[in-house]
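Participant: Please see the structure below; I have some questions.
Nothing in this text is a laboratory measurement; each read-out follows from the coordinates by a stated rule. Because the structure is a prediction, the values reported are computed rather than measured. Here the Cβ positions follow ideal geometry from the backbone for every residue, glycine too, while neighbour counts run over all protein chains shown.
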Amino acid sequence: MDYTTRWNINRGYMKLEVWREALDLFTSVHSSLCRSEKLDFKLKGQLLDSAQSIGANIAEGYCRESINEYLQFLNVALGSAGETLTRMIGLEKTGYISHEDFERLDRSHYSVENKLIALIRSLQAKRKNGTWEDEFKEPTGEYEP
């Protein structure tokens with residue numbers, strides 16, 4: 001799915017499967033929480049914030065200048081994933097979300113989490129063996145001014 005017709009090298013994160021799945025996880029969490037009228041506003045907001053933070057940090061890290069910064073933001077995204085899962089477990093244990101909703105969200109979360117771990121390991125390997133380049137490459141196509 002294309003989110004925009006405008007493209008440049010800084011928007012390359014939109015091609016990452018983990019980023020796309022993180023957005024899907026956020027929308028699934030959002031739709032599950034919107035069905036629960038008994039859930040208080042603060043708790044709902046905290047879970048939505050942590051779920052949205054996963055994709056946001058993947059994007060922000062991608063747009064940073066160095067591999068160290070990129071990895072730092074991916075680790076923050078991984079921390080947000082842990083927070084999201086912990087909050088989902090708490091909501092399921094207290095009956096705010098059904099076991100079926102939890103299982104559906106957990107499957108999506110597990111996929112995002114594993115892809116995020118794989119991306120981190122891949123970038124750590126590139127940093128270690130020196131194949132990461134901290135500069136923009138020449139564009140392969142025209143950019144809009």
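Participant: Among the candidates SER36, SER31, single out the residue that is in contact (Cβ under 8 Å) with a residue 60 or more places away in the chain, surrounded by fewer than 17 Cβ atoms within 10 Å (Cβ to Cβ), of a type outside the set (A, V, I, L, M, F, W, C) and under 19 Å from GLY90 (Cα atoms).
Facilitator: So the residue among SER36, SER31 that is in contact (Cβ under 8 Å) with a residue 60 or more places away in the chain, surrounded by fewer than 17 Cβ atoms within 10 Å (Cβ to Cβ), of a type outside the set (A, V, I, L, M, F, W, C) and under 19 Å from GLY90 (Cα atoms) is SER36.
Participant: Hey, could you check segment 104-133 for residues that are in a loop (DSSP other than H, G, I, E, B) and of a type outside the set (D, E, K, R) and say which is surrounded by the most Cβ atoms within 10 Å (Cβ to Cβ)? Before you say what the answer is, go through the steps one by one.
Facilitator: First, pick out the residues of segment 104-133 that are in a loop (DSSP other than H, G, I, E, B): 130-133.
From what's left, of a type outside the set (D, E, K, R): 130-132.
Details: GLY130: 7, THR131: 8, TRP132: 16.
Per the stated criteria, the residue is TRP132.
Let's see how each residue does on (1) within 22 Å of ALA125 (Cα to Cα); (2) part of a helix (DSSP H, G or I); (3) not hydrophobic (A, V, I, L, M, F, W, C):
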| position | (1), (2), (3) |
| --- | --- |
| THR4 | no, no, yes |
| TYR13 | yes, yes, yes |
| LEU23 | no, yes, no |
| PHE26 | no, yes, no |
| SER36 | no, no, yes |
| LEU47 | no, yes, no |
| PHE102 | no, yes, no |
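Participant: Select from segment 1-23 the residues that are surrounded by 15 or more Cβ atoms within 10 Å (Cβ to Cβ), within 16 Å of the chain's Cα centre (by Cα) and not aliphatic (A, V, I, L, M) and list them in ascending order.
Facilitator: Selection gives TYR13, TRP19, ARG20, GLU21.
Participant: Which numbered condition in (1) outside any loop (DSSP other than H, G, I, E, B); (2) more than 22 Å from LYS126 (Cβ to Cβ); (3) not aliphatic (A, V, I, L, M) is the only one that GLY79 fails?
Facilitator: Of the numbered conditions (1) outside any loop (DSSP other than H, G, I, E, B); (2) more than 22 Å from LYS126 (Cβ to Cβ); (3) not aliphatic (A, V, I, L, M), the odd one out for GLY79 is (2).
Participant: Just to verify a result, which residue in segment 88-119, among those that are touching a residue at least 24 places away in the same chain (Cβ under 8 Å) and among the basic types (Lys, Arg), is nearest to SER28 (Cα to Cα)?
Facilitator: Looking at the filtered set, the residue picked out is ARG104.
Participant: Would you confirm whether or not segment 63-72 contains a residue that is surrounded by fewer than 21 Cβ atoms within 10 Å (Cβ to Cβ) and among the β-branched types (Val, Ile, Thr)?
Facilitator: Among the residues of segment 63-72, at least one is surrounded by fewer than 21 Cβ atoms within 10 Å (Cβ to Cβ) and among the β-branched types (Val, Ile, Thr), which makes the answer yes.
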